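Asker: Attaching a single structure in structure tokens format; questions to follow.
The values are calculated or read from the model by the stated rules, or taken from the named source; none is laboratory data. All of these numbers come straight from a predicted model, not from anything done at the bench. FYI the Cβ positions are ideal-geometry reconstructions off the backbone, even for glycines, and counts take in every protein chain you see. Surface areas here come from the heavy atoms of the whole protein model, side chains and all, with no ligands, DNA or RNA. Shrake-Rupley method; radii C 1.70, N 1.55, O 1.52, S 1.80 Å.
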Amino acid sequence: MSGAPLLQVRDLHKHYRLPREKLLAPRPLLPALAGVGFTLQRGHSLGVVGESGSGKSTLARLVMALEAPSSGQVLFDGQDLHALDAAALRRARAGFQMVFQDPYGSLDPRRTVGRTVAEPLAVLHGASRAEQAEAAGEVLDAVGLRASDLDKYPHEFSGGQRQRIAIARALITKPKLIVADEPVSALDVSVQAQVLNLMQDLQDRFGLTYLFISHDLAVIDLVCDDVIVLQHGHIVEQGDPDTLFRAPQHPYTQRLLAAVPGAALATSEATP
Ligand code: ADP
Ligand code: MG
């Protein structure tokens, strides 16, 4: 399967049923994704941008098979994830892991870092305690933390360090794909740069493929080879960030760019 794209998303739809507005009325449907499709090649980073509510996190959950689509397919390494039985899906999960926005909320405060980081391994492979500890030490080292941090608790770390812990946890199953949903949005700007640099280093070192979600166009510009722009669950524009952010064609992309404070991105007017 190595010649095929790592991830192919085909005509993905997801509608949520909202609570009925009055007695006996039908429950309204909210189309969170309305026919999204794209291809992500191995070793590449695809950015997903769009306003709050445009469907970014829904897309992440469907790609991660945390939720089922209303229709459409997610092909990971050639396997249709939403058509797999539970056992096959569990095996496939080692190949794709997620990093969430909130480094405070995504770590269990009562668990040691070692247990949190090793958990995906314990669940997926039933690895022994010793194997888990060794693997956890290795991934902590890869993200710039120390093996001695294994016995500490999340509150003993800064926001940036906690996100490193979350990244270590995602790496422990040796995934091919990392889905990162606003991974640096909760961090101070100086810390954001460190975590983004780390993610780029890890991508080179482990040959990772990223689906990288951010409302921050400057972050996408830095990290991604390609970008899709989501509005109301539709892809309205797609391309490489250099072209797309400097010469946006769709009014929605133009509006997103106009909302970027300062000169974080060189716009078409600034480039000769
Ligand atoms: P984003 O991550 O781009 O902010 P989301 O994917 O979280 O957007 O949400 C897309 C739309 O789907 C929003 O209108 C949101 O309110 C709605 N939505 C998301 N999850 C649910 C859910 N579990 N039930 C009902 N509506 C939802
Ligand atoms: Mg979101």
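Asker: Please enumerate the residues belonging to the stretch 95-109 that are open to solvent by 10 Å² or more (accessible area, probe 1.4 Å), at pLDDT 95 or above and more than 16 Å from ligand 2 (Cβ to nearest atom).
Answerer: Correct list: Gly95, Gln97.
Asker: Within the set of pairs 6 or more residues apart or between chains, which connect a residue that is closer than 18 Å to Gln79 by Cβ inside the stretch 47-68 to a residue that is of a type in the set (Lys, Arg) and more than 9 Å from ligand 2 (Cβ to nearest atom) with Cβ atoms less than 7 Å apart?
Answerer: Leu62/Lys14; Glu67/Arg61
Asker: I'd like the residue in the stretch 211-230 that is surrounded by fewer than 21 Cβ atoms within 10 Å (Cβ to Cβ) and within 13 Å of ligand 1 (Cβ to nearest atom) and, out of all such residues, is farthest from Leu29 (Cα to Cα).
Answerer: Asp216
Asker: Going through Ala94, Ala88, Ala60 one at a time, which residue ends up being more than 30 Å from Arg162 (Cβ to Cβ) and of a type in the set (Gly, Ala, Ser)?
Answerer: The unique qualifying residue is Ala88.
Asker: Considering only the stretch 171-193, state which residues are free of Cβ contacts under 8 Å to residues at least 60 places away in the same chain and surrounded by fewer than 16 Cβ atoms within 10 Å (Cβ to Cβ).
Answerer: Asp188, Val189, Ser190, Ala193
Asker: Okay, next question. Among the residues of the stretch 1-22 satisfying the criterion of being of a type in the set (D, E, K, R) and assigned to a strand (DSSP E or B), which is nearest to ligand 2 (Cβ to nearest atom)?
Answerer: Result: Lys14.
Asker: Something else about it: Any idea which of (1) at pLDDT below 95; (2) within 16 Å of ligand 1 (Cβ to nearest atom); (3) not hydrophobic (A, V, I, L, M, F, W, C) is the one Gly35 doesn't satisfy?
Answerer: Gly35 satisfies all of (1) at pLDDT below 95; (2) within 16 Å of ligand 1 (Cβ to nearest atom); (3) not hydrophobic (A, V, I, L, M, F, W, C) except (1).
Asker: With the structure loaded, tell me whether Arg42 is at negative phi, in contact (Cβ under 8 Å) with a residue 24 or more places away in the chain, in contact with a Ser or Thr (Cβ under 7 Å, 6 or more places away or on another chain) and surrounded by fewer than 18 Cβ atoms within 10 Å (Cβ to Cβ) or whether it fails that test.
Answerer: yes
Asker: Please enumerate the residues belonging to the stretch 143-198 that are within 14 Å of the chain's Cα centre (by Cα), of a type outside the set (A, V, I, L, M, F, W, C) and over 23 Å from Leu124 (Cα atoms).
Answerer: Glu182, Pro183, Ser185
Asker: Hand me the list of strands (runs of 3 or more DSSP E) wholly inside the stretch 140-237 holding 2 or more residues that are out of contact with any His (no Cβ under 9 Å at 6 or more places or on another chain) and closer than 21 Å to Tyr252 by Cα.
Answerer: Where strands (runs of 3 or more DSSP E) fall fully within the stretch 140-237 and carry at least 2 residues being out of contact with any His (no Cβ under 9 Å at 6 or more places or on another chain) and closer than 21 Å to Tyr252 by Cα, they are 209-213, 226-231.
Asker: Would you point out the residue of the stretch 46-57, among those that are under 11 Å from the mean Cα position of the chain (by Cα) and either near ligand 1 (Cβ under 7 Å from one of its atoms) or at pLDDT below 95 (or both), that is most open to solvent (accessible area, probe 1.4 Å)?
Answerer: So the residue we want is Ser57.
Asker: Same structure, new question: Scan (1) within 16 Å of ligand 2 (Cβ to nearest atom); (2) open to solvent by 50 Å² or more (accessible area, probe 1.4 Å); (3) of a type outside the set (Val, Ile, Thr) for the single condition Leu62 breaks and write down its number.
Answerer: Tallying (1) within 16 Å of ligand 2 (Cβ to nearest atom); (2) open to solvent by 50 Å² or more (accessible area, probe 1.4 Å); (3) of a type outside the set (Val, Ile, Thr), Leu62 fails exactly one: (2).
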